[in-house]
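S.K.: Next up is a structure, given as structure tokens.
The values are calculated or read from the model by the stated rules, or taken from the named source; none is laboratory data. For clarity, every value in this text was computed on a predicted model and none was experimentally measured. In this analysis, Cβ positions are derived from the backbone assuming ideal geometry, glycine residues included, and neighbour counts consider all displayed protein chains.
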Amino acid sequence: MVGRDGVLGASSSLDGKLSLSRAMVQLTGEALVCEPGALKDAALQSPSLLSLFIRHEQVLYAQAQQSTACMAAHDIQSRLCRWLLRARDLSGGDSLPFTQEFLAQMLGVRRTSVTAVALINEAKVLAHPASVDNVPTSGGKEDHVSMGMTSALKLRQIVENAELVLAIELLAASEGLEYRKPLKPGLGVREGHARVRELVARLTEDRSMSSDIESIAGAIRAGAFDI
């Protein structure tokens, strides 16, 4: 299969009948599909094409190694931004029909981590100044319009995002403590864990986390975790 991201299964046409890797289509689009045997015959008849396939496979494996190193060295936020930007470049459009679950699988993280990263990125945009200049009007007078209320609304949204992110981290930490039993944490951590469990039950099966996150965020807003 030949598409905008390169060639899939080229190794099967170079040597052997099986590809050395598996691939998953992530976005809809157009691609050229051909039989491995026909591709191998074409490569054997054209040294330049064979050389191109070999170089492509080398680059492909180098990218896989770099992606693995990236997952180990960089935070989730940087990895998600990189992955979305690359997907946008390959798709050729601004519409990326990815679900939260799919993004979490691609990054190897919890689904709630994707939500937290999205909230943090939104907060970065909201942190930009509400107004950066004043435009002179007639008579050489400066048209000064206070953007205080706009700034206050943006700050309020940033605070709400921060509450949701903290709620996600508290839920994740509480789940982690469950797996460390029978070891016991310190008194402060133990009390915080108990307050989380008063509102949210342990995650024993797959379920939507939105109501759990909202419950913990509301408790943070009310000062329940001011230990």
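S.K.: I'm checking my understanding of the structure. Among residues of the stretch 102-132 that are within 19 Å of ALA167 (Cα to Cα) and not aliphatic (A, V, I, L, M), which one is farthest from the chain's Cα centre (by Cα)?
M.R.: So the first thing to find is which residues in the stretch 102-132 are within 19 Å of ALA167 (Cα to Cα), and the list is 104, 109-124.
With the extra rule that they be not aliphatic (A, V, I, L, M), the set shrinks to 110-113, 115, 121-122, 124.
On the way: ARG110: 10, ARG111: 9, THR112: 10, SER113: 8, THR115: 8, ASN121: 11, GLU122: 13, LYS124: 15 Å.
It comes out as LYS124.
S.K.: When you look at ALA201, is it under 30 Å from ALA69 (Cα atoms) and modelled with pLDDT of 90 or more, yes or no?
M.R.: Details: under 30 Å from ALA69 (Cα atoms): no; modelled with pLDDT of 90 or more: yes.
No, not satisfied.
S.K.: Additional query: Kindly indicate whether ALA62 is farther than 30 Å from LYS40 by Cβ, in a helix (DSSP H, G or I) and among the hydrophobic types (A, V, I, L, M, F, W, C). First the steps, then the outcome.
M.R.: Working: farther than 30 Å from LYS40 by Cβ: no; in a helix (DSSP H, G or I): yes; among the hydrophobic types (A, V, I, L, M, F, W, C): yes.
It is false that ALA62 is farther than 30 Å from LYS40 by Cβ, in a helix (DSSP H, G or I) and among the hydrophobic types (A, V, I, L, M, F, W, C).
S.K.: Right, here's the next one. For the stretch 186-204, which positions are closer than 21 Å to THR112 by Cβ, of a type outside the set (Lys, Arg), in a loop (DSSP other than H, G, I, E, B) and over 23 Å from the mean Cα position of the chain (by Cα)?
M.R.: VAL200, ALA201, THR204, listed by residue number.
S.K.: How many residues does the stretch 85-134 hold that are assigned to a loop (DSSP other than H, G, I, E, B) and either of a type outside the set (Val, Ile, Thr) or touching a residue at least 24 places away in the same chain (Cβ under 8 Å) (or both)? Show your work before the answer.
M.R.: Narrowing the stretch 85-134 to residues assigned to a loop (DSSP other than H, G, I, E, B): 92-99, 108-110, 127-134.
Filter once more, so that each one left must be either of a type outside the set (Val, Ile, Thr) or touching a residue at least 24 places away in the same chain (Cβ under 8 Å) (or both): 92-98, 108-110, 127-131, 133-134.
Selection size over the stretch 85-134: 17.
S.K.: Looking at the stretch 73-89 only, could you name the residues that are more than 12 Å from LEU27 (Cβ to Cβ) and exposed (fewer than 12 other Cβ atoms within 10 Å of the Cβ)?
M.R.: Residues satisfying the conditions are ALA73, ASP75, LEU85.
S.K.: Pull out all pairs, ordered by first then second residue, where Cβ-Cβ is under 9 Å, the residues are six or more apart or on different chains, the first lies in the stretch 155-184 and is closer than 17 Å to LEU199 by Cα, and the second is exposed (fewer than 14 other Cβ atoms within 10 Å of the Cβ) and of a type in the set (A, V, I, L, M, F, W, C).
M.R.: LEU177/LEU183
S.K.: Taking the criterion of being assigned to a loop (DSSP other than H, G, I, E, B), modelled with pLDDT under 90 and surrounded by fewer than 18 Cβ atoms within 10 Å (Cβ to Cβ), would at least one residue in the stretch 163-179 satisfy it? Before the answer, list the steps.
M.R.: From the stretch 163-179, those assigned to a loop (DSSP other than H, G, I, E, B) are 179; that's our starting set.
Those still in the list that are modelled with pLDDT under 90 too: none.
Checked the stretch 163-179: no residue is assigned to a loop (DSSP other than H, G, I, E, B), modelled with pLDDT under 90 and surrounded by fewer than 18 Cβ atoms within 10 Å (Cβ to Cβ).
S.K.: Out of all the residues in the stretch 155-199, which are touching a Phe, Trp or Tyr at 6+ places or on another chain (Cβ under 7 Å) and not small (Gly, Ala, Ser)? It would help to see each step written out before you state the result.
M.R.: First, the residues of the stretch 155-199 that are touching a Phe, Trp or Tyr at 6+ places or on another chain (Cβ under 7 Å): 192, 195.
Matches in the stretch 155-199: ARG195 only.
S.K.: So is LEU187 closer than 24 Å to ILE120 by Cβ and either surrounded by fewer than 12 Cβ atoms within 10 Å (Cβ to Cβ) or touching a residue at least 24 places away in the same chain (Cβ under 8 Å) (or both) or not?
M.R.: Numbers: closer than 24 Å to ILE120 by Cβ: no; either surrounded by fewer than 12 Cβ atoms within 10 Å (Cβ to Cβ) or touching a residue at least 24 places away in the same chain (Cβ under 8 Å) (or both): yes.
For LEU187, the condition - closer than 24 Å to ILE120 by Cβ and either surrounded by fewer than 12 Cβ atoms within 10 Å (Cβ to Cβ) or touching a residue at least 24 places away in the same chain (Cβ under 8 Å) (or both) - is not met.
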